[in-house]
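The values are calculated or read from the model by the stated rules, or taken from the named source; none is laboratory data. This is a predicted model, so every value here is computed, not measured. Here Cβ is always computed from backbone atoms with ideal geometry, including for glycine, and neighbour counts include all displayed protein chains.
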Amino acid sequence: MRLWKMELYKILRRPVLNFGLFLIMVFQCFIFWMDVSGKQTEIDGNIYKGISAIQADRALTEDYEGLFTLNKAEQIVERFGFSGYKMERGQKVPGIREGNFCSQWVTDNLTDFNDTGTKPAALKEGEVWKERGQQYLDKKIQFGYTEGWAYFHSLWSWSVLFLNVWVVLMVMPVFSEEYSRKTVNVLLATVHGKGKDIWAKMWAALVLGIAAFLVITFWLLILTVAVYGATGIDASAGMFDYRALAMESESITVLEHLLQTFGAKLAAVCLNVCMTLLFSSKCRNTASAVVLRLVSLYPFAWVLNEVVYSLLLDMMYDSGMIHYLWGWITLDILGIICSSTTYYLSWSAVIGVPQNWKIIVKILLFVVMSASIWRTAVNYRKGNKIS
Amino acid sequence: MPELRLEHIGKSYRGLPAVTEMEYVFQRGIYGLLGANGAGKTTLLRMIVGVLQPDFGRILCNQQDISHMGGEYRRMLGYLPQEFGYYPNFTIHRYMKYLAELKAVPPELAEERIDETLNKVGLEHQKRQRMKNLSGGMIRRVGIAQALLNDPDILVLDEPTAGLDPRERIRFRNFVSELGRERIVILSSHIVSDIEYIADEILLMRAGKQVESGSLPQVCRKMQGKVWECLESMESARRLNQQFVVSNMKNMEEGNVCVRLLSDRKPVEHAVMAEPGLEDVFLYHMMQ
Ligand SMILES: Nc1ncnc2c1ncn2[C@@H]1O[C@H](COP(=O)(O)OP(=O)(O)OP(=O)(O)O)[C@@H](O)[C@H]1O
Ligand SMILES: [Mg+2]
């Protein structure tokens, strides 16, 4: 009990770096402030700005709450029209959006406005409707004011991505600095040095990661609820996350979505802590270990998914290998590995993967984390890095 | 009372042997480990404290292999490494508390033990100072203090006196002599006089091997008839220096030099036999 607190104290004794967490929180505030100050909504000829725009949108959405139907969509279009970009006089670049939350949502999700950039003529236009609009009805979407949650969702992912970098900087010295400071000589010759202390170090690192994650999560949640209110928590997450829409089951609520993404992001942070500890136990030089870890943290996962996976997919399609069992098994394995990386977990990419993949991802994460914890302990105990 | 037995232990770094075929039994007393740079002293001590695993052989503590004893063995240990690391932002007190925890000193005893050991090394007044503000010698003394924290039965000190001023060195010798009465103290040093003063047993190492061991009189007795002194002119002293291993040259009056040298035979007609000291023994073995 006391030992892990001491180890936590050692990790936290870096004032400059502690500031990093504070910066992330300030960044969250700043983004929120920017967002709110630019908010504008137009309801039946009235224009609202800032916080009152949010309140107006929220009140308006109450009229259409509940199961979303074609009838509701048509009512919205009839009342407000589609929402395009406002063109200020003499301006070439599009400015802010016209309309309000409801008309914007219908325009963005049920039509191909986002692809073409021009307002559609009607709601149900053949192919486009079948590909886009229809699925919102099929999935029995519960309509609600999810603007805040959508915002929370994307900002949360970004915050976790930054947090992970911070975690690497904080956790990397746990073992590598013992090597470089040569304190490892003394530590390994103490009663707990080769046992309890190793677990205490890892536990302290994990506690730090989880606590920091909870701090930024709740901070963001407080900001969101303060600005947008808690309404829309029982609407469908499919309103803003297409991955939730693509799930096999009926669309989940925002609350369920929140809990699932919470799990994925927490797993991302824990995995990051474990892998960082593994790097730490392998490297004598903290700075180079940090560089190596950061490269493996995001770019590696991105390349694996965006380059290797895509190339392989193309190649298999071209050669017809995709039709063989091992062909798509290879792709599946690669896909599962990608979903289990810190990068894609931070984006909560697992939300969109098939149900059976999720189980495999969970098992994989468990195995990888346990293995890296075990390896870390072995590396450190062996004392190979003593010079 | 612990007994520590080295059984043919050996260790190589990337194929280069650092310690080979060491065999020895440590019992109560103070053991002085002497050897030139790179002789393998540090490597040997690291294996004794279990920080490094020997490639060959084993180390037994009371007939039990230390690699199987784990924490039970480390509970008996106090170790000061040659390169003693610390946390610059920690105060001495915090550092000692941390180590007391690691060494499983009961929390209610910790403060008492910390004061006691810091007292021994004369740092009781610097307790609240940050370690980055301490001098090299003070750091060394913190290192000695932490090794004593758990009242170890086996105390391993790798060059404990390096960087200590004469007063601290004397203080160190005195309390180590006392400690050696009821435990095993193994210390390595380049400073022959330190070993000469306090070690009950002397171990000489060269190139990873033990070349000589025994008490000071025993070791010196073997050198009897190999240490010579003679009074020479500057010119012939220079010549002798090239021919023999000279352990000391002292300028005397009238431009003469008193030369002390090591030789199996009488080097020059007028040389007289001298009483061998540990320095002579050390040099004799290093020069072979
Ligand atoms: N980590 C290491 N990697 C490779 N070689 C090493 C390492 N540590 C020691 N050696 C080599 O092992 C041999 C013994 O080194 P050791 O440090 O044990 O000597 P020592 O007697 O303590 O020397 P000194 O008096 O300088 O402290 C040397 O030749 C050294 O070069
Ligand atoms: Mg050494």
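What do you reckon, is B:LEU52 within 13 Å of ligand 1 (Cβ to nearest atom), in contact with an Asp or Glu (Cβ under 9 Å, 6 or more places away or on another chain) and hydrophobic (A, V, I, L, M, F, W, C)? Considered against the rule, which asks whether it is within 13 Å of ligand 1 (Cβ to nearest atom), in contact with an Asp or Glu (Cβ under 9 Å, 6 or more places away or on another chain) and hydrophobic (A, V, I, L, M, F, W, C), B:LEU52 comes out as no. For B:LEU118, state whether it is touching an Asp or Glu at 6+ places or on another chain (Cβ under 6 Å) and over 16 Å from A:VAL186 (Cα atoms). The answer is yes for B:LEU118. Looking across the stretch B:81-132, the residues that are closer than 16 Å to A:ARG13 by Cα and part of a loop (DSSP other than H, G, I, E, B) come down to B:TYR86, B:TYR87, B:PRO88, B:ASN89, B:PHE90. Of all residue pairs spaced 6 or more apart or on separate chains, none has beta-carbon atoms under 6 Å together with a first member in the stretch B:30-44 that is more than 13 Å from B:GLU159 (Cβ to Cβ) and a second member that is among the acidic types (Asp, Glu) and near ligand 2 (Cβ under 9 Å from one of its atoms). One residue is enough: does the stretch B:23-41 have a residue meeting the conditions more than 15 Å from ligand 2 (Cβ to nearest atom) and in contact with a helix residue (DSSP H, G or I) (Cβ under 7 Å, 6 or more places away or on another chain)? Looking for residues that are more than 15 Å from ligand 2 (Cβ to nearest atom) and in contact with a helix residue (DSSP H, G or I) (Cβ under 7 Å, 6 or more places away or on another chain), one finds at least one in the stretch B:23-41, hence yes.
For the stretch B:1-27, filtered to residues that are more than 24 Å from B:VAL281 (Cα to Cα) and in a loop (DSSP other than H, G, I, E, B), the residue that is nearest to ligand 1 (Cβ to nearest atom) is B:ARG14. If you take the residues in the stretch A:344-387 that are part of a loop (DSSP other than H, G, I, E, B) and more than 14 Å from chain B (Cβ to nearest Cβ), which one is surrounded by the fewest Cβ atoms within 10 Å (Cβ to Cβ)? Checking each candidate, the answer is A:PRO354.
All of (1) surrounded by fewer than 24 Cβ atoms within 10 Å (Cβ to Cβ); (2) more than 16 Å from ligand 2 (Cβ to nearest atom); (3) away from chain A (no Cβ under 14 Å) hold for B:LEU149 with one exception: (3).
Can you name the residue in the stretch B:275-288 that is in a loop (DSSP other than H, G, I, E, B) and crowded, with 17+ Cβ neighbours inside 10 Å and is also nearest to the chain's Cα centre (by Cα) among such residues? Going through the qualifying residues, I end up with B:GLY277. Residue count for the stretch B:46-56 under the criterion of being among the hydrophobic types (A, V, I, L, M, F, W, C) and within 10 Å of chain A (Cβ to nearest Cβ): the result is 4. Among the listed residues A:LEU294, A:LEU312, A:LEU325, A:LEU331, which satisfies the condition of being in the same structural domain as A:ARG181 (by TED's automatic domain parsing) and surrounded by 17 or more Cβ atoms within 10 Å (Cβ to Cβ)? Step by step, each of A:LEU294, A:LEU312, A:LEU325, A:LEU331 is checked, and only A:LEU294 is in the same structural domain as A:ARG181 (by TED's automatic domain parsing) and surrounded by 17 or more Cβ atoms within 10 Å (Cβ to Cβ). Does B:LEU6 satisfy the criteria of being farther than 18 Å from A:LYS382 by Cα and in contact with a Phe, Trp or Tyr (Cβ under 6 Å, 6 or more places away or on another chain)? Yes. Among (1) touching a strand residue (DSSP E or B) at 6+ places or on another chain (Cβ under 6 Å); (2) over 23 Å from A:GLU178 (Cα atoms); (3) away from ligand 2 (no atom under 16 Å from the Cβ), there is one condition B:TYR73 misses while meeting the rest; what is its number? Status for B:TYR73: all satisfied but (2). The residue that is farthest from the other protein chains (Cβ to nearest Cβ), counting only those in the stretch A:176-194 that are within 12 Å of B:ARG46 (Cα to Cα) and free of Cβ contacts under 8 Å to residues at least 12 places away in the same chain, is A:VAL186. Screening the stretch A:1-119 for helices (runs of 4 or more DSSP H) wholly inside it with 3 or more residues that are more than 14 Å from chain B (Cβ to nearest Cβ) returns the ranges A:15-37, A:51-62, A:70-80, A:101-110, A:113-116. Scanning the stretch B:57-104 for residues that are free of Cβ contacts under 8 Å to residues at least 40 places away in the same chain and closer than 21 Å to B:ARG130 by Cα, we see that the one that is farthest from the other protein chains (Cβ to nearest Cβ) is B:HIS93.
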